[in-house]
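Notes follow the structure.
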Amino acid sequence: MVKLRLTFESIGEVVVELIERNPKTKEAFLKAVPFEARANTWGEEIYFSTPVNVGPENPQEVVEKGDVAYWPPGKAMCIFFGPTPASRSPDEIRPASPVNVFGKVVGDLEPLKRVRDGEKVRVEFLEQ
């Protein structure tokens, strides 16, 4: 199982396990890693620009806690850990528009709440 390490300035490492749901999106990320970006927050979502450019692939309007996805309109990687401003209920996690889910955060999601707008994030392969 391929894993990525996301290193944030404020919280350190977050591990993401890639899944097989959207193989074109997954492959595009495998080719793009490593890269760095600046984090943005939107409710309980962190997103940042990527060098990836793929279209919609099994796009989802609602995601689950811990899902990691690609947002085609913004060419962004998104990490979901709770409701966003677009959510229609406290239990729903709704992206700004449909996303391609390609991974899942491994472990505790609580530290993600401390990530700040504008902080640097590095995405690389996790040595196994």
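Remark on the chain: hydrodynamic radius 14.3 angstrom, per the Kirkwood mean of 1/r across alpha carbon pairs. Listed from fewest to most Cβ neighbours within 10 Å, the set ILE11, ILE46 follows the order ILE11, ILE46.
Computing FRET efficiency as 1/(1 + (r/R0)^6) for SER89 and ASN58, where r is the C-beta to C-beta distance and R0 is 22 Å, gives about 0.40.
Here the relative contact order of the chain, from alpha carbon pairs under 8 Å that lie six or more residues apart, stands at 37 percent. Computed over the chain, the per-residue total of -39500 (n - 2.57) for DSSP H runs of n ≥ 4 gives a 222 nm mean residue ellipticity of -2500 deg cm²/dmol, rounded to 500.
Read the figures in this text as sums done on the coordinates, not as results from a lab. Fair warning: this is a prediction, and the values are worked out from it, not measured in the lab. Every residue, glycine among them, receives a Cβ derived from its backbone with ideal geometry; neighbour counts consider all protein chains shown.
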